[in-house]
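Only the coordinates and a few stated rules stand behind these numbers; no lab work does. This structure is a prediction, so every number in the text was calculated from the model and none was measured. Here the Cβ positions follow ideal geometry from the backbone for every residue, glycine too, while neighbour counts run over all protein chains shown.
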Amino acid sequence: ALATVNVSLGARAYDILIGPGLLQSAGEEIARRLPGVRAAIVTDSNVAEGHLATLQAGLEAAGIEATAITVAPGERSKRFATLEEVVSGILDARLERGDIVIPLGGGVVGDLAGFAAGIVRRGMHFVQAPTSLLAQVDSSVGGKTGINTAHGKNLVGVFHQPQLVIADTAVLDTLPPREFRAGYAEVAKYGLIDRPDFFAWLEKNWQAVFDGGPERVEAIAQSCQAKADVVARDELEMGDRALLNLGHTFGHALEAATGYDSARLVHGEGVAIGMALAHRFSARLNLASPDDAGRVEAHLSAVGLPTRLSDVPGGLPGAEQLLTYIAQDKKVSRGALTFILTRGIGQSFVAKDVPTSQVLSFLEESL
Ligand code: NAD
Ligand code: ZN
């Protein structure tokens, strides 16, 4: 099974290729679209172990000369020091603007190497080769790149769109199960934003998505299409793109409250709890039916994701403190809070000016 999703941004457009075994033919796909290029593959040591040789062999067979730059796995590599290593590696290989950078890895490598591609020689071509579920359905689509600083996450970066995205759905078999589940939270998110039929399909087919059948390709393609649609409407995040933050206001607060300690909570787990809370909060505000909140919770629990504040290991601070973390998140203006709320499954909307008092009492009830 193979699916193609086209991302169209005015005059620019690019394909996302999705299917098992695509890493082998990545060289061919690249050579057909970008003839004569040379490449720098940027990867992390976990991904390099299982998948670098496959990509290299395919590139070589297609006549693409490639060097590999390997960074340490983990969020800590999204920083200036590692960016400098990547930039130096690309320049050492004497790549020109029309040559390509290929991030092969999860969202960390994609954001880091995509950023390097955006700034070296004022913007090089690049081809995303995402290897985590989160990267295949979210971070490799849409052109946001960047690194973290001491001031916070993703504060330095550029919008830089790839020429092609190659999502090999078979490489997900080596992903740790917890990482797969965390990425799945973002898949469910697209259904909950504005695709109720997709959410209902996931309720029936999630096990096959986890097992790796054609349903996995289908779920990833639907997710990429959903994100591509939002990005096409709002490339630079002036409006609708905010819907992609469903579950993220609560989720980011939980990540902050647990000190970004991945042993306690990874991003997708925070998002799962955040989406469940967003639905319960919407029901509490009489915007949505409690039955819909129950359905969301039931599905996320079925796949093994957390849905309640009490599911966070190690305990959480009180409601007041959680509210402080929410207020520090960037979706705040003038003391009132912006939330993605919902009128039901697949009917999310941007709610500006949600009174902090209502958030506080909801948190007190939920803790
Ligand atoms: P990650 O890149 O750290 O990957 C998770 C872990 O899985 C890592 O240890 C990695 O080495 C390993 N891994 C990846 N693919 C593997 C495979 N096929 N087999 C075995 N191990 C594998 O994290 P992530 O969850 O992929 O991405 C998170 C990052 O994405 C965050 O930095 C976040 O800010 C960013 N992000 C960016 C966007 C965007 O629009 N640019 C959107 C969402 C998230
Ligand atoms: Zn997310």
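Odds and ends about this structure:
- Kirkwood hydrodynamic radius (C-alpha pairs) into Stokes-Einstein, segment 263-367, 37 °C and 0.692 mPa s, D in µm²/s: 232 µm²/s
- 21 Å Cα cut-off, lysine pairs counted over the chain (separation 8 or more, or different chains): 19
- Remark: the chain carries a charge dipole of roughly 760 debye about the Cα centre, counting +1 on each Lys and Arg Cβ and -1 on each Asp and Glu Cβ.
- Per the Debye calculation on segment 153-212 with a single equal scatterer at every Cα and no solvent contribution, log₁₀ I(q)/I(0) for q = 0.23 Å⁻¹ amounts to -1.05.
- Ordered from longest to shortest, the equivalent ellipsoid semi-axes for segment 56-101 are 23, 14, 7 Å, each the square root of 5 times a Cα gyration tensor eigenvalue.
- Measuring nothing but alpha carbons in segment 180-366 and taking Rh as the Kirkwood radius, the Rg to Rh ratio lands at 0.95.
- Between ALA72 and ARG121, the contour length at 0.36 nm per residue exceeds the alpha carbon distance by 15.2 nm.
- Debye-sum result for segment 93-177 in log10 I(q)/I(0), which assumes one identical scatterer on each alpha carbon, at q = 0.12, 0.25 Å⁻¹: -0.34, -1.15
- Zone of ARG343's modelled label, taken as backbone nitrogen in segment 273-309 under 17 Å from a point 7 Å along Cα→Cβ: 279, 282-293
- Using distinct alpha-carbon pairs, which all enter the 1/r mean, Kirkwood radius of segment 75-120 in Å: 10.6 Å
- Evaluated at q = 0.17, 0.22 Å⁻¹: base-10 log I(q)/I(0), Debye formula over Cα of segment 148-260: -1.06, -1.41
- Cα gyration tensor shape for segment 3-175, rounded if a/c is under 1.5, else prolate or oblate: rounded
- Per-residue Cβ neighbour rank within 10 angstrom, fewest leading, MET238, MET275, MET124: MET238, MET124, MET275
- Here the label points at SER88 and ASP234, each 7 Å from Cα along the C-beta direction, are separated by 4.1 nm in the simple model.
- Calculated translational diffusion coefficient of the chain (20 °C, 1.002 mPa s; Stokes-Einstein with Kirkwood radius over alpha-carbon pairs) equals 103 µm²/s.
- Ranking of SER8, SER140 by count of other Cβ atoms within 10 Å, fewest first: SER8, SER140
- With neighbour counts taken as other beta-carbon atoms within 10 Å, the residues TYR14, TYR184, TYR260 rank, fewest first, as TYR260, TYR14, TYR184.
- Segment 180-366: relative contact order as a whole-number percent, Cα under 8 Å and 6+ apart: 26 percent
- Contact order, relative form, for the chain: 15 percent (alpha carbon pairs under 8 Å, 6 or more residues apart, mean separation divided by residue count).
- Highest-first arrangement of 83-96, 294-307, where packing means the average Cβ count within 10 Å: 294-307, 83-96
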